[in-house]
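**Student:** Sharing a structure below in structure tokens format, with a few things to ask.
Derivation of every value follows stated rules applied to the coordinates shown; laboratory data play no part. Worth saying up front: this structure is predicted, and the values here are computed from it rather than measured. Cβ coordinates were reconstructed from backbone atoms using ideal geometry, including for glycine residues, and neighbour counts include every protein chain displayed.
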């Protein structure tokens, strides 16, 4: 998604040429893509799939929509299995027509319902807490404490959390909550970008590391102290950067990663 | 600010005509306004000043700016005194060029420095936690827990907190934190509006109660359980509503207040 103008093949080729050997695949690029071909391309370039994004969006006041979410999540698990992704990231969802507590209940129920399929596929489910500015429509899980709590309640080797600096940087409990999920083996993914000051768009105005006000190296330190040794994933949604030449942008990303992460 | 197109006199006249007898005055409407005349107008219409908004913006990496903020806050206290406002609301500020912890230290130092003037003027200082989406530039205090903590550390009858549903509705610790500040006498102000789904602007897309996803009556209940008996202040920043005929809008506000607050 960081290099949204590219299709999967362009991502794989260009990342690989830059010495980047891991990718999280967003499901939109898998639409209309033969998954076996995708897997062959990934293999040809020695590209490791870090995760598939995204499942989730469990809550709704409408029973029909909750059921549709189940089907969609099972399909997402299947896609993750087919591209050999060890993790499916969950953007859990929220429905502003009901209390956040109710949405959180439905999220937990949803995860428990898809868990057998996830286990069977060998795909772990990562609960990603989203910034509180998304509590109305995108996620009722808005702090790492809430995500940790839910993962611990479900208590499965196949459920953990994803830490994204963009969503969590403001939280004064972040360090302790990162240690908490690290200690119990629940820290499944780590995403980096930056928070632009000022931020102009609710979704697509993320910054490159160094552009904004997040102390990414500090949070990376906490994540490593917590025992995390997976990929540090650059995840930037940005109208501004998507509008630029993507090879040059990838070079910028690499430099920003080396300097400010 | 809720009826931004109106000047102070229009606000006072129109609010009064609708049976609204309290107002928080934003300092921009006091610019170029003789404060004695303002006080006379308020008295003529039996309008109670609930608070003056806003002081704060203490943190900066630049010493000169921190000093300028001191001067501005002393002037704000003076304005509050002159219009007989018992409370000055603080939007505490943040500087993305330094860690949030550093900004919070400077906020605390700033409040402690202006506190003697506030006491002398009989004006209480209300720390208003702002939504985490403002942590980069408008406030390093983003939860009621943080505001409560700071008010308790400063430990003065002249320092408390303001609770605004817009900033805090997403927080699963909100009820307990409202009880905490209510119990120790620190709950100085209560602001209502709604969170639009989706929200399109970081500052000026607040909803009228009932427009969005906040359970305002629930939070009002917590505030009342905590012993608060002051005004429930409608505070809506909205390009959409500001563009409408303000008398009709005031009627809508009154209806929304009676129905959804």
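**Student:** Could you calculate the FRET efficiency of residue B:251 with residue B:48 from 1/(1 + (r/R0)^6), where r is the beta carbon distance between them and R0 is 22 Å, rounded to 0.05?
**Tutor:** E(calc), rounded to 0.05, equals 0.55.
**Student:** Please report the antiparallel percentage of the DSSP beta bridges confined to the stretch B:8-260, to the nearest 5. It would help to have the intermediate numbers written out before the result.
**Tutor:** Values: 3 of 27 bridges.
Rounded to the nearest five, the antiparallel share is 10 percent.
**Student:** While we're on this one: Within the stretch A:136-164, whose backbone N sits under 11 Å from a point 7 Å along Cα→Cβ of residue A:115?
**Tutor:** From the stretch A:136-164, the list is A:151-160.
**Student:** Could you estimate the translational diffusion coefficient of the stretch B:34-73 from the Stokes-Einstein equation, with Rh from the Kirkwood formula over C-alpha pairs, at 10 °C and 1.306 mPa s, in whole µm²/s?
**Tutor:** Details: Rh = 12.4 Å.
Result for D is 128 µm²/s.
**Student:** Can you figure out the FRET efficiency of residue B:62 with residue A:64, using R₀ = 41 Å and their beta-carbon distance, to the nearest 0.05?
**Tutor:** Efficiency, from the Cβ-Cβ distance: 0.15.
**Student:** Kindly put A:84, B:206, B:27 in sequence by how many other C-beta atoms sit within 10 Å of each C-beta, fewest to most.
**Tutor:** Listing A:84, B:206, B:27 from fewest to most nearby Cβ atoms yields A:84, B:27, B:206.
**Student:** So what is the relative contact order for the stretch B:46-104, in percent, with contacts set as C-alpha pairs under 8 Å and at least six apart?
**Tutor:** Contact order relative to length: 49 percent.
**Student:** Now for a separate question. When DSSP assigns beta bridges and you keep just the ones with both residues in the protein assembly as shown, what percent turn out antiparallel, to the nearest 5?
**Tutor:** Values: 6 of 54 bridges.
If we restrict to bridges inside the protein assembly as shown, about 10 percent are antiparallel.
**Student:** Evaluate the Debye formula for the stretch A:143-205 with equal point scatterers sitting on the alpha carbons, no solvent, and hand back log10 of I(q)/I(0) at q = 0.15, 0.16, 0.17 Å⁻¹, in q order, two decimals.
**Tutor:** -0.49, -0.55, -0.60
**Student:** Relative to 2.2 N^0.38 Å, what does the C-alpha radius of gyration of the stretch B:62-102 come to as a ratio? Two decimals please.
**Tutor:** In units of the 2.2 N^0.38 Å rule of thumb, it is 1.42.
**Student:** Right, something else. Tell me the mean residue ellipticity at 222 nm calculated for chain A from its helices only (DSSP H runs of n ≥ 4, each -39500 (n - 2.57), averaged over every residue, nearest 500).
**Tutor:** Taking each H run of at least 4 residues, the total per residue is -13500 deg cm²/dmol.
**Student:** Report, as a whole number in µm² per second, the diffusion coefficient that Stokes-Einstein gives for the stretch B:8-260 at 37 °C and 0.692 mPa s using the Kirkwood radius over alpha carbon pairs. Write down the numbers at each step before the final one.
**Tutor:** Details: Rh = 18.5 Å.
For these conditions, the coefficient is 177 µm²/s.
**Student:** Find how many whole Å separate the alpha carbon centroid of the stretch A:159-183 from the alpha carbon centroid of the stretch A:204-261.
**Tutor:** Comparing the Cα centres of the stretch A:204-261 and the stretch A:159-183, I get a distance of 17 Å.
**Student:** If you take the beta carbon distance between residue A:82 and residue B:224 as r and set R0 to 51 Å, what does 1/(1 + (r/R0)^6) give as a FRET efficiency, to the nearest 0.05?
**Tutor:** The pair residue A:82/residue B:224 has a calculated efficiency of 0.40.
**Student:** Now, a different point. Between residue B:37 and residue A:204, with labels modelled 7 Å along Cα→Cβ, what's the label distance in nm to one decimal, could you check?
**Tutor:** Calculated label separation equals 4.9 nm.
**Student:** Please tell me the relative contact order of the stretch B:1-100 in percent, rounded to the nearest whole number, where contacts are Cα pairs under 8 Å and at least six residues apart. Spell out each step's value before the answer.
**Tutor:** Working: 132 pairs, mean separation 28.7, N = 100.
Reported as a whole number, the value is 29 percent.
**Student:** OK, next. Would you work out the Kirkwood radius for the protein assembly as shown? I mean one over the mean of 1/r across all pairs of different Cα atoms, in Å.
**Tutor:** Kirkwood hydrodynamic radius for the protein assembly as shown: 24.6 Å.
**Student:** With an 8 Å cut-off on Cα pairs and a minimum separation of 6 or more residues, tell me the relative contact order of the stretch B:8-260 in percent.
**Tutor:** Reported relative contact order: 14 percent.
**Student:** Can you sort B:51, A:139, A:156 from fewest to most other Cβ atoms within 10 Å of each residue's own Cβ?
**Tutor:** The order, fewest Cβ neighbours first, is A:156, B:51, A:139.
**Student:** If I take the Cα coordinates of the stretch B:96-184 and project them onto the principal axes, what are the three extents in Å, biggest first?
**Tutor:** Principal axes ranked by extent give 36, 35, 19 Å for the Cα atoms.
**Student:** So what's the convex hull volume per residue for the Cα atoms of the stretch A:6-132, in Å³?
**Tutor:** For the stretch A:6-132, the hull spanned by Cα atoms encloses 111 Å³ per residue.
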